[in-house]
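S.K.: Pasting in a structure now, in structure tokens, and then I'll have a few things to ask.
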Amino acid sequence: MLVGDIVEYGARKHPDRLALRFEDERIDYRQLRDRSRRLANALLEVAEPGDRVAVLSGNCTEYFDCYYGVPMAGMALTILNFRSHPDQVTALLEHSGAGVLIVAAEFADLVDRVRAEVPTVHTVVAIGGAVESAVEWAEFVGGAAVSEPAVRPSDDDTAWLVYTSGTTGTPKGVMLSHRNLLAGITSSALQWELPEDTVFLFCFPLCHVGGYVTLVNHLLGATVGFLRAYDNATFLRLVDEWQVTQSGLAPTMISFLLRDPALDTSALTSLRAIGYGSAAIPAAVLREGLQRFGCDFYQGMGMTELAGNVLHLDSATHRRAAAGETDLLMSAGKPMRLADIRVVDDDFADIAIGEVGEMVVRADQVTVGYWNDPQATAAAFTDGWFRTGDLVRQDDEGFVYIVDRKKDLIISGGENVASLMVEQALYRHAAVAEAAAIGVPDETWGEVVCAVVVPRDGARVEAADIIAGCRDHLAGFQVPRRVEFVDALPRNVTGKILKRELRERFSPAG
């Protein structure tokens, strides 16, 4: 099965069922298939199978044509973060060797620069308006055939080329084959068991690998609604208006919703479950969410290189946590049905239950490697197992607890300090709205723990108060020696904190 087959199957099984809702647009499965085919056939007029086709756009229905249509043409959809700096966009276009750029009209100013600096780009297609030296979307696809494209890619051909968020350094191009994506999608479909009457509201940017959840829903024949950009008011309105049954939010978004007075006047009677990721959910937020939303919660953990999630914390476990087993909320879940994981030491030997080691994964959903980077690809695998870089422990029930990212581990005076443990202590302080713990260079200790804190609105707090609060919950070597107050933490499109930026900002030379 190939990525494009998701809409091919859907159009044959339930052609008139609604596949997409976006603002005033409604697209059924037959229409989505035909749109995807037209894009594929149009691309085959200007490019060859194996070429890269880049997309730079915010959320729009054309993004789904790209999700399916570019791989249908045997080409690799090169997904670019629309929030990136123009320097980063041109660098990634050059790195990918993309021949076609599909770009939203709002980024028109970038097109001349791309033409001048990225010679591989020979065709520019504009979405949502006219752009000088670009062909408009309607003109590009309008005359293309709606018949099934003449090419059929291999399962192992690259379907999506997704650049990592760069949370730990320079972004890398993750090659996700048709096999990788279908394995990740199928694994989630088996785990979630979504009914066909699901109406799923997607609230994140489609330029992230997390967009794979929309394909999970399409595989199961569900309706996917999505937002141009998230805000509480639109979310609450559309849940009621579209009778949304499931959605995905970050824990911070759930917390903001619970503090919004508009929640009291929203019915939300259709909502059955909310999935979340990127961070653990505080027990108090879960209990209030279960009560006020009246729905279940579940969590997934994955990464770009895994084409989706490999760990799942199900709704039954969340109910256990709400009933008192709150430690379970620190777990990222159990391995999903189609993923095999191990926890290993530095010598790649399995370690005992309860001990901390690196999580490694073997599954069909694991990336085939990094684009034009054989060294990074070789370093990412050992004996066929992908090295996630996550330090974890697994308990005797099979739950996996993420202790830290290897690259976020702080080593102070020869002692390992897990930044997540420090952050848990920071969040206990009543004046802390958000927090991150990082290591900054120190002549004496090598590194010291630095707490970066966003205070709650109206709170007045000093560094000494934060440090004193941490001493109640941490060992001496784990307690922050420095506290920095900021208005907001830098985050990527899915809400993950960009600790690399914080280290650069608060290191002595920064």
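The values are calculated or read from the model by the stated rules, or taken from the named source; none is laboratory data. Fair warning: this is a prediction, and the values are worked out from it, not measured in the lab. Cβ coordinates were reconstructed from backbone atoms using ideal geometry, including for glycine residues, and neighbour counts include every protein chain displayed. SASA here: full protein model, heavy atoms, side chains in, ligands and nucleic acids out. Shrake-Rupley method; radii C 1.70, N 1.55, O 1.52, S 1.80 Å.
S.K.: Mind pulling the per residue volume of the convex hull built on the Cα atoms of the chain? Å³ is fine. The partial results should precede the final answer.
M.R.: Numbers: hull volume 78.7 nm³, N = 510.
Normalising the Cα hull of the chain by residue number yields 154 Å³.
S.K.: How big is the gap, in Å, between the Cα center of the stretch 24-39 and the Cα center of the stretch 239-253?
M.R.: Between the Cα centres of the stretch 24-39 and the stretch 239-253 lies a distance of 24 Å.
S.K.: Kindly sort Lys407, Lys499 by accessible area of their heavy atoms, largest first, with the probe set to 1.4 Å. Walk me through the intermediate numbers first.
M.R.: Details: Lys407 125, Lys499 15 Å².
Result, largest first: Lys407, Lys499.
S.K.: If amide hydrogens are placed 1.01 Å from N in the peptide plane, which non-local residues have theirs closer than 5 Å to the one on Ile102?
M.R.: Residues meeting the amide H criterion: Ala54, Val55, Leu56, Val125.
S.K.: In the chain, if the dipole is taken from +1 on Lys/Arg beta carbons and -1 on Asp/Glu beta carbons about the Cα centre, which of Val244, Ser270, Thr377 is farthest to the positive end?
M.R.: Sorting the options by dipole projection puts first Ser270.
S.K.: How large is log10 of I(q)/I(0) for the stretch 160-252 at q = 0.18, 0.23 Å⁻¹ when the intensity is taken from the Debye formula with one equal scatterer per alpha-carbon?
M.R.: Normalising to I(0) and taking log10 leaves -0.91, -1.21.
S.K.: Please give the solvent-accessible surface of Asp487 in Å², to the nearest 10, using a probe radius of 1.4 Å with every protein chain present.
M.R.: In the full protein context, Asp487 sits at about 150 Å².
S.K.: Return the sequence-ordered ³J(HN,Hα) values of the stretch 391-402 in whole Hz as given by the Karplus equation 6.51 cos²θ - 1.76 cosθ + 1.60 applied to θ = phi - 60°, using x for Gly and Pro.
M.R.: Result, rounded to whole Hz: 8, 9, 9, 10, 8, 6, 8, x, 5, 9, 10, 7.
S.K.: Short version: ³J(HN,Hα) in whole Hz for each residue of the stretch 450-455, in order, from phi by Karplus 6.51 cos²θ - 1.76 cosθ + 1.60 (θ = phi - 60°), x for Gly and Pro, what are they?
M.R.: Residue by residue, the stretch 450-455 yields 10, 9, 10, 10, 9, x Hz.
S.K.: Another question, if that's okay. Would you mind computing Rg(Cα) / (2.2 N^0.38 Å) for the stretch 1-137, counting N as its residues?
M.R.: Numbers: Rg = 15.0 Å, N = 137, 2.2 N^0.38 = 14.3 Å.
Here the answer is 1.05, to two decimals.
S.K.: Rounded to whole Hz and in sequence order, give me ³J(HN,Hα) for the stretch 300-310 from the Karplus expression 6.51 cos²θ - 1.76 cosθ + 1.60, θ = phi - 60°, writing x for Gly and Pro.
M.R.: So the Karplus estimates, Gly and Pro as x, are x, 10, x, 7, 3, 5, 9, 6, x, 8, 10 Hz.
S.K.: Determine the distance separating the Cα centre of the stretch 355-409 from the Cα centre of the stretch 102-178; give it in Å without decimals.
M.R.: 30 Å
S.K.: About the Cα centre of the stretch 73-214, what is the dipole size in debye to 20, counting +1 per Lys and Arg Cβ and -1 per Asp and Glu Cβ, all else neutral? Provide the component values of the computation, followed by the final result.
M.R.: Numbers: 6 positive and 16 negative charges, 70 e Å.
Dipole size: approximately 340 debye.
S.K.: Could you let me know the centre-to-centre spacing of the stretch 295-332 and the stretch 430-460, using Cα atoms, in angstrom?
M.R.: That distance is 27 Å.
S.K.: When the dipole is taken about the Cα centre of the chain, and only Lys, Arg (+1) and Asp, Glu (-1) are charged at their Cβ, what size is it in debye, to the nearest 20? All intermediate terms of the calculation are to be shown ahead of the outcome.
M.R.: On the way: 46 positive and 70 negative charges, 118 e Å.
Using Cβ point charges on Lys, Arg, Asp and Glu, the chain gives about 560 debye.
S.K.: Toward the positive end of the charge dipole of the chain, about the Cα centre and with charges on Cβ (Lys, Arg +1; Asp, Glu -1), which of Phe256, Trp160, Leu92 goes farthest?
M.R.: Phe256
S.K.: If the cut-off is 14 Å between C-alpha atoms, which aspartates and glutamates fall inside it for Lys172, apart from same-chain ones fewer than 8 positions away?
M.R.: Cα-Cα hits under 14 Å: Glu94, Glu305, Asp373.
S.K.: Which order do Arg33, Arg481 take by accessible area at a 1.4 Å probe, largest first?
M.R.: Sorted by accessible area, descending: Arg481, Arg33.
S.K.: Which shape class, rounded, prolate or oblate, goes with the stretch 195-240 when its Cα gyration tensor gives a ≥ b ≥ c as root eigenvalues, a/c under 1.5 marks rounded, and past that a/b bigger than b/c marks prolate? Mind dumping the intermediate values first?
M.R.: Numbers: a/c = 3.55, a/b = 1.24, b/c = 2.86.
It is oblate, given that a/c is not under 1.5 and a/b is not larger than b/c.
S.K.: Please go through the stretch 1-87 and write out the GluC sites (Glu not before Pro) that DSSP classes as loop and that have at most 14 other C-beta atoms within 10 Å. Present the calculation step by step, with values, prior to reporting the outcome.
M.R.: Values: sites: Glu8, Glu23, Glu25, Glu45, Glu62; in loops: Glu23.
Filter output for the stretch 1-87: Glu23.
S.K.: In addition: Could I get the Rg over Rh figure for the stretch 353-504? Both from C-alpha atoms, Rh via Kirkwood, rounded to two places. Working shown, then result.
M.R.: Values: Rg = 17.6 Å, Rh = 17.2 Å.
Taking Rh as the inverse mean 1/r over Cα pairs, Rg/Rh reads 1.02.
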